[in-house]
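The structure appears below as structure tokens.
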Amino acid sequence: MTTAPAAAGTPGAVRARRLPPGWRKAALSVHVIASVGWVGVHGSLLTLAALGWATGSAATREAVYGAAGLLSGLLILPLSLTALASGLILSLGTPWGLFRHYWVAVKLGLTALLVAGSNLSIGPAVRALGADPAAAGAVDRVSALGALSVSFTVLLATVLLSTVKPFGRIPRRPARQGPRR
């Protein structure tokens, strides 16, 4: 990473560190792959949960909830943490910054909520359905379906934030000029 003097008007200030182009491309590739994988896993889990809710066959319900539990247990944690970590690296190592643009700040907040919700609530609920589908009641199945619908929608919103980049820049506070007398 390199540092460079800030723009004119801020003598002595140092601009944020930047990732070299090769590292930036690598981090961006990792971020896109993890994020797309995370969206795909949630879309698959939503599809499986909908099928498990709609089917009348106990065998089909057992198979789809078992597959959902397996997907959840294997992929949600590594994909969500990789997407969050690579997003932080990109925001801190590129001109976008962590709190320079509203879309980055909003996406960070949504991603942090999704990481927590996916790993602490939704994932365990899906794995519980997969472990014993016969014991899961209608409320458990509908609850999982609803939670997955919300999380999938929020993940799609983060994709839109990344591509549309709405809301503009966050206004900077003027620097203090020293003690007032």
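So the values come out like this:
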| item | result |
| --- | --- |
| Residues satisfying the stated conditions in the stretch 62-76, i.e. in contact (Cβ under 8 Å) with a residue 60 or more places away in the chain and either buried (at least 20 other Cβ atoms within 10 Å of the Cβ) or within 30 Å of R169 (Cα to Cα) (or both) | Y65, A68, G69 |
| Residue within the stretch 150-159 that is of a type in the set (F, W, Y), surrounded by 15 or more Cβ atoms within 10 Å (Cβ to Cβ), part of a helix (DSSP H, G or I) and at pLDDT 95 or above present | yes |
| Pair list, Cβ < 9 Å and 6+ apart or interchain, from the stretch 77-104 residues that are farther than 16 Å from V32 by Cα and touching a residue at least 40 places away in the same chain (Cβ under 8 Å) to residues that are in a loop (DSSP other than H, G, I, E, B) and of a type in the set (F, W, Y) | H101/F167; Y102/F167; W103/W96; W103/F167 |
| Residue that is surrounded by the most Cβ atoms within 10 Å (Cβ to Cβ), among those in the stretch 117-149 that are within 19 Å of T47 (Cβ to Cβ) and of a type in the set (D, E, K, R) | R141 |
| In the stretch 15-36, residue nearest to the chain's Cα centre (by Cα) [restricted to those that are crowded, with 17+ Cβ neighbours inside 10 Å and within 18 Å of T153 (Cα to Cα)] | S35 |
| Residue in the stretch 92-106 that is modelled with pLDDT under 95, more than 26 Å from L77 (Cβ to Cβ) and among the charged types (D, E, K, R) present | yes |
| Residues being without any contact (Cβ under 8 Å) to a residue 12 or more places away in the chain and under 16 Å from the mean Cα position of the chain (by Cα) - total across the stretch 153-177 | 3 |
| Residue within the stretch 97-116 that is surrounded by 12 or more Cβ atoms within 10 Å (Cβ to Cβ), within 30 Å of R24 (Cβ to Cβ), among the hydroxyl-bearing types (S, T, Y) and over 14 Å from the mean Cα position of the chain (by Cα) present | yes |
| Candidates R24, R18, R61 - the one that is among the charged types (D, E, K, R) and modelled with pLDDT under 90 | R18 |
| Test: L81 is part of a helix (DSSP H, G or I) and farther than 25 Å from S149 by Cα | no |
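The values are calculated or read from the model by the stated rules, or taken from the named source; none is laboratory data. Since this is a predicted model, take the numbers as computed values, not measurements. Neighbour counts are summed over all protein chains in view; Cβ atoms, including those assigned to glycine, are modelled from backbone coordinates with ideal geometry.
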